[in-house]
Amino acid sequence: MIVRPPAKDLCVGVGGDIAAQIVGPVVENACLFAQSEVHLEAERKGKEVCLVIEDDGPGVTEEEKDKIFEPGIRGTAARDRPEGSRGAGLGLSLARRLARAASGDVELESSKAGAKFVIRLPGG
């Protein structure tokens with residue numbers, strides 16, 4: 001994993017346990033699907049803290065872009081994994097729901113290779 005630390009310390013406006021439940025599934029998926037690298041960076045944009053998680057794995061198809069945030073839905077890359085290593089398709093759904101409840105969001109952005117997720121949370 002390649003972590004690019006922010007220029008100065010950042011603080012999010014949600015509790016640490018909630019932040020972990022939002023960020024955890026996204027980072028876990030990136031590590032699970034990456035072929036060799038996961039990039040993680042954080043920066044403050046206005047009143048928000050943005051975390052960018054990017055991997056060099058198979059990515060998400062255009063058709064799956066919105067569906068992967070629905071409970072119980074797994075993308076093609078997840079369905080193609082061996083039976084014992086597949087999740088229930090709840091991580092991204094829960095992460096997005098929690099982020100939105102905190103006035104933030106979890107979004108999938110276009111990437112040249114792999115997947116690129118952006119987590120936006122209110123700054124603290």
With Cα coordinates, the longest principal axis of the chain makes an angle with the long axis of helix 16-33, in degrees rounded to 10, of 40 degrees
To the nearest 20 debye, what is the magnitude of the charge dipole of the chain about its Cα centre, counting +1 on the Cβ of each Lys and Arg and -1 on the Cβ of each Asp and Glu? 300 debye
If one takes the longest principal axis of the Cα atoms in the chain, at what angle in degrees, from 0 to 90 and to the nearest 10, does the Cα axis of helix 91-101 lie? 30 degrees
What's log10 of I(q)/I(0) for the chain at q = 0.19 Å⁻¹, Debye sum over Cα points only, no solvent? -1.04
Under the helix-only model (-39500 (n - 2.57) for each DSSP H run of 4 or more, divided by the residues of the chain), the mean residue ellipticity at 222 nm, to 500 deg cm²/dmol, is -8000 deg cm²/dmol
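Only the coordinates and a few stated rules stand behind these numbers; no lab work does. Keep in mind it's a predicted model, so treat the numbers as computed, not measured. Using ideal geometry, Cβ is built from the backbone for each residue, glycine included, and neighbour counts are taken over all protein chains shown.
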